[in-house]
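Please treat every number below as a calculation from the coordinates, not as lab data. Worth saying up front: this structure is predicted, and the values here are computed from it rather than measured. Here the Cβ positions follow ideal geometry from the backbone for every residue, glycine too, while neighbour counts run over all protein chains shown.
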Amino acid sequence: MCNERNSRQTSSVGSSGPNASIGWKHGVPTAGLQLIASGHSLVDAYMAFDADEFARLYTLTGDTHYREVARILLRNTKNMLAMPGRTYDLRGSGWQQEHWSLAPRRGYGLHRPWLPWVATSQLNGIFGVMDLDAETRHQIMDVKTN
């Protein structure tokens, strides 16, 4: 399940430095990240792009695993997204760093300035889920209907 209670139980990165100097902040859950490539331990939130694809797999197969993956990709890939009042020392709301390391030098990464693909990836998944039929969309967004 991808809800607040379970997100708090998800392990977070123990970093190599003080909160102000690292990209991935202390106490922020790491669920929703995926490995960028083999040969290193850099991660990002690229798969936010695929939230709607996993939702469609759920619709086609009825396998709840795909629904849960879609929920994680819709929500947890935004754990380090700058929001009003919580910008994570990025330029402003809506910004997200490209990648982070979960290996030694944990919490550090490159590309703190804006890279267009990061926002595009997030928006593709969000709008893709919004385009789903109402029943599937509500299940992925975990909306309670009467």
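Results, tabulated for the structure shown:
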quantity	calculated
Neighbourhood charge, 14 Å Cβ-Cβ cut-off, centred on R67 and excluding it, Lys, Arg +1 and Asp, Glu -1	-4
For the range 35-141: Kirkwood Rh in Å [reciprocal of mean 1/r, alpha carbons]	14.7 Å
Efficiency of FRET from Cβ geometry, V143 and L60, R₀ 25 Å, rounded to 0.05	0.75
Stretchable slack from S93 to S38, in nm (0.36 nm times residue separation minus alpha-carbon distance)	16.7 nm
